[in-house]
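Worksheet for the structure shown next.
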Amino acid sequence: MPSVDRSLTAPVLAGVVTAVVGFTSSFAVLLAGLRAVGATEREAASGLLAVTLAFAAGIIGLALWHRIPLTLAWSTPGAALLVGTGVVDGGWPAAVGAFLVTGLLFVATGYVGWLGRLVARIPTGVAQAMLAGVLLPLVLAPVEAVADVPALALPVVLVWLLVVRWAPRWAVPAALVAALVVIAVHLTRTGTAVTGSLAPALAWTTPAFTPAALVGIALPLYVVTMASQNVPGVAVLRSFGYDAPWRSTMTVTGVGTVVAAPFGSHALNLAAISAALAAGDEAGPDRDRRWIAAVSAGVTYVVLALSSGALASVTAAAPGGLVETVAGLALLGAFGAAVASALADPGTRTSAVVAFVVAAGGLGFAGIGAAFWALLAGLVVRVAVERPVRA
């Protein structure tokens, strides 16, 4: 029999790549989402630090306990949802309260069977159409930036375009590096100083609870994270021959969300896209040792978390539209997948289109953001107009 490669090099490197790609590809979306619902720069930096440390600890714990390459992440679609939601009644403390409730819902999903079944009954087309509508303004940001500040945005877009052709997974990190270079040149030429602390620091916010935040943030955030992160995350692991420990994963992500919420963290979940980097062949030929890649990713995330203060301060000083360009490029894949999933079933296409239009319109009502109304409108059309095909 051929000898099995027992080297740690492959899984360790796969874990480092998983963390670097996962972190650099979407932290701009996370910061934008936290700022949109009322976080100050200090609170947004704290949120980035808290959520990264929380899911890094969760990754290491779950990987060591279950010996599988299970990785966690922050909810990128959830952060995008926050951008479209904006400040709700009660401001930032109410948003923090909604994050905490979202974590409790994650925990409950692992133990209360009917709650998981209720989420599963939400039509995939409606949920994905709501997500696509939320993402639309964000993926349009690169186009708007190229029109408004072409000298700043075009280099970022061109770098992304070149790298996506030859090394797709590094396209967004490369665009981020290009954006940071453009920011540095711009700040130097204009003499603009970077304000705020560059050191990582946690900032406590006492949660508040308002109906508008619970309905407008907690509920859509829970649904989007479950449908777009946790369920696909289970599928990705299964495609590589691993069964995700559902109850313990939901407990860890839920408790982690609750504990980190007062420090600005919005939601932890199973990794979906980046999960394949730690669970696939790049983590080594020995499938029983790929859990080492997850531990390596967790440790690398802890190191990357230390850059939270500097990243928040630098991006806050960036010229308008540049950070949004990177965020929009990072979300193109998620937007395309959501549109494809929303329109895949002709029988639910009308409800999906209604949900998309309402979410993309971005109009709130009664202090509640458009995401909730998009979900509600899609479900109403589904029940009132469409009829499931019976075998």
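Got at least one residue in the range 211-228 being assigned to a loop (DSSP other than H, G, I, E, B) and in contact with a Ser or Thr (Cβ under 9 Å, 6 or more places away or on another chain)? No, there is no match, as no residue in the range 211-228 is assigned to a loop (DSSP other than H, G, I, E, B) and in contact with a Ser or Thr (Cβ under 9 Å, 6 or more places away or on another chain).
Could you pull out the residue among A178, A184 that is at pLDDT below 95 and in contact with a Phe, Trp or Tyr (Cβ under 9 Å, 6 or more places away or on another chain)?
Residue meeting the stated conditions: A178.
Quick check: anything in the range 266-277 more than 30 Å from T9 (Cβ to Cβ) and in contact with a helix residue (DSSP H, G or I) (Cβ under 8 Å, 6 or more places away or on another chain)? Checked against the condition, which is being more than 30 Å from T9 (Cβ to Cβ) and in contact with a helix residue (DSSP H, G or I) (Cβ under 8 Å, 6 or more places away or on another chain), the range 266-277 yields at least one hit. Report, by residue number, each residue of the range 229-248 that is more than 23 Å from A80 (Cα to Cα) and part of a helix (DSSP H, G or I). Correct list: L237, R238, S239, W246, R247, S248.
Total residues in the range 232-242 satisfying the condition of being in contact (Cβ under 8 Å) with a residue 40 or more places away in the chain and open to solvent by 20 Å² or more (accessible area, probe 1.4 Å): the figure is 4. Which numbered condition in (1) surrounded by fewer than 24 Cβ atoms within 10 Å (Cβ to Cβ); (2) over 21 Å from the mean Cα position of the chain (by Cα) is the only one that A352 fails? With (1) surrounded by fewer than 24 Cβ atoms within 10 Å (Cβ to Cβ); (2) over 21 Å from the mean Cα position of the chain (by Cα) applied to A352, the lone miss is (1).
Restricting to helices (runs of 4 or more DSSP H) lying wholly in the range 266-347: which have 3 or more residues that are farther than 30 Å from A108 by Cβ and under 15 Å from the mean Cα position of the chain (by Cα)? Full working, then the answer.
Values: elements: 275-279, 291-305, 308-317, 322-342.
Passing ranges, in order: 322-342.
Take the conditions within 17 Å of V326 (Cβ to Cβ), open to solvent by less than 10 Å² (accessible area, probe 1.4 Å) and part of a helix (DSSP H, G or I) and apply them to V51. Does it pass? No, not satisfied. Every condition in (1) among the small types (G, A, S); (2) within 18 Å of P11 (Cα to Cα); (3) buried (at least 19 other Cβ atoms within 10 Å of the Cβ) holds for A305 except the one numbered (2).
Entry remark, the range 243-283: residues being surrounded by 24 or more Cβ atoms within 10 Å (Cβ to Cβ) and over 25 Å from A227 (Cα atoms) number 1 in total. Scanning the range 23-48 for residues that are open to solvent by 20 Å² or more (accessible area, probe 1.4 Å) and assigned to a helix (DSSP H, G or I) gives T24, S25, A32, R35, A36, E41, R42, E43. In the range 65-73, the count of residues that are under 16 Å from A327 (Cβ atoms) and not charged (D, E, K, R) is one or more. Residues satisfying the criterion are absent from the range 206-217 (criterion: open to solvent by 40 Å² or more (accessible area, probe 1.4 Å), within 16 Å of L70 (Cα to Cα) and of a type outside the set (G, A, S)).
The residues listed here are L62, L8; of these, the one that is within 25 Å of D281 (Cα to Cα) and open to solvent by 40 Å² or more (accessible area, probe 1.4 Å) is L8. Quick one: count up the residues across the range 76-104 that are within 20 Å of T205 (Cβ to Cβ), open to solvent by 30 Å² or more (accessible area, probe 1.4 Å) and not β-branched (V, I, T). The total comes to 5.
The values are calculated or read from the model by the stated rules, or taken from the named source; none is laboratory data. A quick note: this is a predicted structure, and the numbers were derived from the prediction, not measured. Here Cβ is always computed from backbone atoms with ideal geometry, including for glycine, and neighbour counts include all displayed protein chains. Side chains are part of the model used for accessible areas, which takes the heavy atoms of the whole protein and leaves out ligands, DNA and RNA. Shrake-Rupley method; radii C 1.70, N 1.55, O 1.52, S 1.80 Å.
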